[in-house]
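The values are calculated or read from the model by the stated rules, or taken from the named source; none is laboratory data. Note that the structure is a prediction, hence the values are computed from the model and not measured. Reconstructed Cβ throughout: ideal geometry from the backbone, glycine too, with neighbour counts over all protein chains shown. Side chains are part of the model used for accessible areas, which takes the heavy atoms of the whole protein and leaves out ligands, DNA and RNA. Shrake-Rupley method; radii C 1.70, N 1.55, O 1.52, S 1.80 Å.
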Amino acid sequence: MNLDHFKPKTVYVTYIATTPEKVWQALTTGDFTKQFFFGRRIAIELKPDGAFRFWQPDGKLDVEGKVMECDPPRKLSVTWRVMWIEEMRKLPECLVTYQIDDLGQVVRLTMTEAHQIELDDQMLEGGRRGWPVILNNLKTLLETGNPMPEFDFMSDAS
């Protein structure tokens, strides 16, 4: 697969007071992901071309793809296709990359969502609202031992 066709559309950076190894474990272990990723459990083969899936709490397939780059605990890049929404299932897969940078007592986690085609803002809205919640929930979990309380992140503030 030619990764040159993927253009970044969404990039988020967060800083977490933890180690790269703990961030890696949280991103790649089902018991962790279900705590900060809306109850989704990851199943991943940590090798190039390995299978990658997220399962919803009810067992329904949420996302599937394959591992493009696996460099523990520094970088994980996976293709990503949302499976539970028909309109999104028909789109070309996107590329989600987690870059984990060790800054001493702090880790900089950069998440990039890149696409092969131009998408309108409405198609990107769910990710643009969801990724900050996911990454901040990961940060809260790793720094405090507990995820954030659930809230309606898709509603506008009143």
Checklist entry - Got a sec? Charge dipole of the chain, +1 on Cβ for Lys and Arg, -1 for Asp and Glu; which of Gly50, Trp80, Pro132 is way out at the positive end? => result Gly50
Checklist entry - About its Cα centre, what dipole magnitude does the chain give when the only charges are +1 on Lys and Arg Cβ and -1 on Asp and Glu Cβ, stated in debye to the nearest 20? => result 300 debye
Checklist entry - What does the helix-only formula give at 222 nm for the chain: each DSSP H stretch with n ≥ 4 adding -39500 (n - 2.57), the total divided by the residues, and the result rounded to the nearest 500 deg cm²/dmol? => result -8500 deg cm²/dmol
Checklist outcome for this item: For region 1-40, dividing by residue count, accessible area per residue (probe 1.4 Å) in Å² works out to 53 Å²
Checklist entry - What figure in square angstrom, to the nearest 10, would you give for the accessible area of Thr97 with a 1.4 Å probe? => result 20 Å²
Checklist entry - Rounded to the nearest whole Å², what accessible area per residue is found for region 49-135 with the 1.4 Å probe? => result 49 Å²
Checklist entry - Rounded, prolate or oblate: which fits the chain when a ≥ b ≥ c are the square roots of the eigenvalues of the alpha-carbon gyration tensor, with rounded for a/c under 1.5 and prolate only if a/b beats b/c? => result rounded
Item to check | Within region 39-62, backbone nitrogen closer than 12 Å to the virtual label 7 Å beyond the Cα of Asp152 toward Cβ | outcome: none
Checklist entry - On the accessible surface of region 68-107, probed at 1.4 Å, how many percent belong to carbon and sulfur atoms? => result 48 percent
